[in-house]
1. Considering only strands (runs of 3 or more DSSP E) fully contained in the range 83-167, which possess at least 1 residues that are of a type outside the set (A, V, I, L, M, F, W, C), more than 23 Å from VAL72 (Cα to Cα) and assigned by TED's automatic domain parsing to the domain that holds ARG69?
2. Looking only at the range 60-115, filter to residues that are under 24 Å from LYS251 (Cβ atoms), among the polar types (S, T, N, Q) and more than 20 Å from the chain's Cα centre (by Cα); which one of those is surrounded by the most Cβ atoms within 10 Å (Cβ to Cβ)?
3. In the range 210-224, which residues are under 21 Å from SER270 (Cα atoms) and part of a loop (DSSP other than H, G, I, E, B)?
4. I'd like the residue in the range 196-224 that is within 31 Å of the chain's Cα centre (by Cα) and among the small types (Gly, Ala, Ser) and, out of all such residues, is farthest from ARG258 (Cα to Cα).
5. Within the range 284-302, identify whether any single residue is in the same structural domain as ALA232 (by TED's automatic domain parsing), touching a helix residue (DSSP H, G or I) at 6+ places or on another chain (Cβ under 9 Å) and of a type in the set (Asp, Glu), and answer yes or no.
6. Report whether or not TRP46 is exposed (fewer than 15 other Cβ atoms within 10 Å of the Cβ), over 25 Å from the mean Cα position of the chain (by Cα) and not small (Gly, Ala, Ser).
7. Which numbered condition in (1) within 29 Å of VAL85 (Cα to Cα); (2) at pLDDT 90 or above is the only one that GLU209 fails?
8. Search the range 37-51 for residues that are not assigned by TED's automatic domain parsing to the domain that holds THR148 and pair each with any residue that is surrounded by 10 or more Cβ atoms within 10 Å (Cβ to Cβ) and not in a helix (DSSP H, G or I) when their beta-carbon atoms are under 8 Å apart and the residues are at least 6 apart or on different chains.
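The values are calculated or read from the model by the stated rules, or taken from the named source; none is laboratory data. What you see is a predicted model; the values in this text were computed from it and never measured. Every residue, glycine as well, gets a Cβ built from its backbone with ideal geometry; the counts of neighbours run over all protein chains shown.
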Amino acid sequence: MVRFLAQSNYLREVQRTFGGGYFNVSELLFRTLSVAVPMVVVYVLWRYRLLILHVLGRWAARLLRRRKRRAVENYLVSRGVVLEVCLYTGGAVGRKLCDARVASVAGGKMQLQLLDANPTFTQLKYQPVICFTRPFAYAGSRINAFVTLVARVRKRGVVLKELSLLTPVRYRFILRRRHSRQRVAREGAVRVKAWSGARARTFWMLRPELQTVNNPARYDDSTRLAVENISAGGMRLYIVNPKGGMPPLDKGSQLVLRVSVWSPKTRKYSFFTVLGAIRSRFSGRGGAIGLGVQFVAEGEKVNNRYTWHAVHGEIPALARFLAGIEE
């Protein structure tokens, strides 16, 4: 009896604390939804903002430039135009994903036939990409690129197997080289030491795998580097007398570069440590291998080790240095 009275008193106190009367479940549900639904809507709009803006822009472009878009897409498919697909973040061209042909365009999607894909860990769906082609003309305007989003991707591990893109809002011409390159006229004005990008953490403890030399006439048969031109965003190199034991030189491979540039004003060399990605490879005179290298990161030495800071477009310190030389 005492136990029953104690339980009754406890329940009575709980009722007094939280109130009695009718419990309106529908009102509670309405209040919960009135808060949760706007939060979910805001999250979805923010999460898929690029996709929403892209779809709206493409819808407007179809109304205004339907004929031009269809003609350009037919040209890409019929001619088997090869695209160079790269990530596009913050208005800057990022790492190359693959080379591909446009197999078909239907339903607002562009199905690609992959030719040469680079490994990637990035989640690509609905990520912005930029595609470059060889320049061609339509209705008096030049076209060589377009920016769009990844519609569908299938990977096996880190290897791309299938890729399709949303058709872009517009096709346009983009000047890929944003920096004027300075030709190296004086022998030894730019010195370069190179290591494989896989050794970015320990390169300073190892001998260079490739490097320029002070007096090329003394190194007739030796493998060496020669610099043709340099800018704040990249450089063009030649590997003279290429032999075995060199770092990977395929398109997309990375090199650690220790670049030393001579200043006529101070009569001293200034040093820059950069990580460069090979964007093009071609043949030079006498069997030399030419490389077009884009700078993607700048190295900073901290406590006897290097940390790498991603750059977009150019190395700021190198840009200021080269501008000072031109003055």
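1. The strands (runs of 3 or more DSSP E) meeting that bar are 92-106, 109-117, 141-156, 159-166.
2. In this case the residue turns out to be GLN111.
3. Hits for the range 210-224 are THR212, VAL213, ASN214, ASN215.
4. ALA198
5. Looking for residues that are in the same structural domain as ALA232 (by TED's automatic domain parsing), touching a helix residue (DSSP H, G or I) at 6+ places or on another chain (Cβ under 9 Å) and of a type in the set (Asp, Glu), one finds at least one in the range 284-302, hence yes.
6. Against the criterion (exposed (fewer than 15 other Cβ atoms within 10 Å of the Cβ), over 25 Å from the mean Cα position of the chain (by Cα) and not small (Gly, Ala, Ser)), TRP46 does not qualify.
7. The single condition GLU209 does not satisfy is (1).
8. Between residues of the range 37-51 that are not assigned by TED's automatic domain parsing to the domain that holds THR148 and residues that are surrounded by 10 or more Cβ atoms within 10 Å (Cβ to Cβ) and not in a helix (DSSP H, G or I), the close pairs are TYR48/TYR126; LEU50/TYR126; LEU50/PRO128; LEU50/LEU149; LEU51/TYR126; LEU51/LEU149.
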